[in-house]
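The values are calculated or read from the model by the stated rules, or taken from the named source; none is laboratory data. Quick caveat, the model's predicted, so the values are computed rather than measured. In this analysis, Cβ positions are derived from the backbone assuming ideal geometry, glycine residues included, and neighbour counts consider all displayed protein chains. For the accessible areas, the whole protein counts, side chains as well, though only heavy atoms, and no ligand, DNA or RNA atoms are used. Shrake-Rupley method; radii C 1.70, N 1.55, O 1.52, S 1.80 Å.
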Amino acid sequence: MNKYLGNKPALALFLLPALLLYSVILIYPVLQTVFRSFYDWDGLSTASFAGLTNYRELFSDPLLGTSLKNGALFALVLAVFQIGLGTILALVCANPRVRGRKLLKTAYFIPVVLSVTVVCQLWIAMYDPTNGLVNKLFDVLGIPYQQNWLVSPTQSIIAIAFVNAWQFMGYQFSLLYAGVKAVPEDYFEAATIDGCGKWRAHWHVTLPLMRETFKFCFTIAITSGIGAFVQMLIMTNGGPGTTNYTLTFMIYRYAFMESNYGYACAVSVLLVMISLVATVVINKVFDRGQHA
């Protein structure tokens with residue numbers, strides 16, 4: 001192995017195509033977006049340098065506060081539902097005494113392979129205030145709680161986030177299930193021999209050893225929530241009004257509806273920066289706990 005790793009020209013030759021492809025696909029567009037964010041540009045005509053004007057307008061834009069709040073709410077719903085419920089289901093399915101585990105694992109993953117459009121149309125019907133399944137369920141249970149889920153300014157973003165959480169919970173479940181199975185069974189058995197109950201052993205042994213899995217899952221959930229877009233476009237078109245806007249929806253509006261590409265690039269840069277900061281914070285939090 002050392003013989004091959006010491007041949008640096010050969011290593012560079014093999015790595016060069018991948019580095020070029022990575023640079024062209026990822027780094028060049030990011031640099032172009034940052035560059036264009038300093039220009040007043042409609043996407044077709046010659047761009048004119050505007051300095052920090054786009055950023056000054058962005059931080060005084062009333063849509064920014066709404067978008068940041070919705071992104072945080074969306075990320076919170078994904079983290080709680082996908083990782084919280086996904087962890088419980090992963091622990092249940094990893095128990096060999098549970099019957100029908102293969103069927104449950106398949107059932108949890110089915111929504112992931114469905115089209116986002118199909119899932120959104122399904123939940124639009126379920127959220128219908130008159131004939132929807134959700135309100136009917138409350139009615140059957142005798143709970144006087146009837147809502148117009150997708151019209152309410154306060155509840156619609158949570159209702160939409162739940163649709164995303166429901167559809168992609170199976171993806172997080174598969175990661176968490178792999179994390180549970182990667183924990184050596186000897187540790188769990190030693191804890192139970194020492195008198196720990198099943199769930200207490202999971203709490204003190206299994207979950208701490210899944211730290212890296214949780215770090216990856218939280219990174220996916222939080223960054224997905226911050227950049228959410230498709231569900232609000234299909235289910236409410238960002239409404240009612242602009243109450244369901246996120247940063248990605250702002251980019252869509254300013255770039256493709258108002259042809260203000262320079263301003264949209266400034267929003268894109270802010271979105272990338274927030275996602276990077278969130279990723280760094282998540283890594284710091286989990287690494288700090290590891291060394292404590």
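Overview of values
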{"read-out": "Residues that are assigned to a helix (DSSP H, G or I) and either more than 21 Å from residue 50 (Cα to Cα) or of a type in the set (S, T, N, Q) (or both), drawn from the stretch 258-271", "value": "268"}
{"read-out": "The one condition in (1) touching a Phe, Trp or Tyr at 6+ places or on another chain (Cβ under 7 Å); (2) open to solvent by less than 20 Å² (accessible area, probe 1.4 Å); (3) more than 30 Å from residue 56 (Cα to Cα) that residue 262 fails to fulfil", "value": "(3)"}
{"read-out": "Qualifying residue in the stretch 9-28 (condition: outside any helix (DSSP H, G or I), of a type outside the set (S, T, N, Q) and open to solvent by 80 Å² or more (accessible area, probe 1.4 Å))", "value": "no"}
{"read-out": "Test: residue 242 is among the β-branched types (Val, Ile, Thr), under 25 Å from the mean Cα position of the chain (by Cα) and open to solvent by less than 40 Å² (accessible area, probe 1.4 Å)", "value": "no"}
{"read-out": "Of the criteria (1) of a type outside the set (S, T, N, Q); (2) open to solvent by less than 40 Å² (accessible area, probe 1.4 Å); (3) at pLDDT 90 or above, which one residue 272 fails", "value": "(2)"}
{"read-out": "Every pair of residues 6+ apart whose Cβ atoms lie under 7 Å, when the first sits in the stretch 195-218 and is more than 15 Å from residue 285 (Cβ to Cβ) and among the small types (Gly, Ala, Ser) while the second is modelled with pLDDT under 90 and open to solvent by less than 100 Å² (accessible area, probe 1.4 Å)", "value": "201/188; 201/191; 201/192"}
{"read-out": "Where residue 276 falls short, out of the listed (1) more than 30 Å from residue 150 (Cα to Cα); (2) hydrophobic (A, V, I, L, M, F, W, C); (3) touching a residue at least 60 places away in the same chain (Cβ under 8 Å)", "value": "(3)"}
{"read-out": "Scope the stretch 186-231; condition in a helix (DSSP H, G or I), open to solvent by less than 50 Å² (accessible area, probe 1.4 Å) and at pLDDT 90 or above; matching residues", "value": "213, 214, 215, 217, 219, 220, 221, 222, 223, 225, 226, 231"}
{"read-out": "Check on residue 179, in contact (Cβ under 8 Å) with a residue 24 or more places away in the chain, open to solvent by less than 70 Å² (accessible area, probe 1.4 Å) and in contact with a helix residue (DSSP H, G or I) (Cβ under 8 Å, 6 or more places away or on another chain)", "value": "yes"}
{"read-out": "In the stretch 33-47, residue modelled with the lowest pLDDT [restricted to those that are over 14 Å from residue 270 (Cα atoms) and surrounded by 10 or more Cβ atoms within 10 Å (Cβ to Cβ)]", "value": "43"}
{"read-out": "Residue among 82, 121 that is under 30 Å from residue 273 (Cβ atoms) and either in contact with an Asp or Glu (Cβ under 7 Å, 6 or more places away or on another chain) or modelled with pLDDT of 90 or more (or both)", "value": "82"}
{"read-out": "Given (1) closer than 30 Å to residue 96 by Cα; (2) assigned to a helix (DSSP H, G or I), number of the condition residue 234 does not satisfy", "value": "(1)"}
{"read-out": "Conditions (1) over 27 Å from the mean Cα position of the chain (by Cα); (2) closer than 17 Å to residue 247 by Cβ; (3) of a type in the set (Ser, Thr, Tyr): number failed by residue 46", "value": "(2)"}
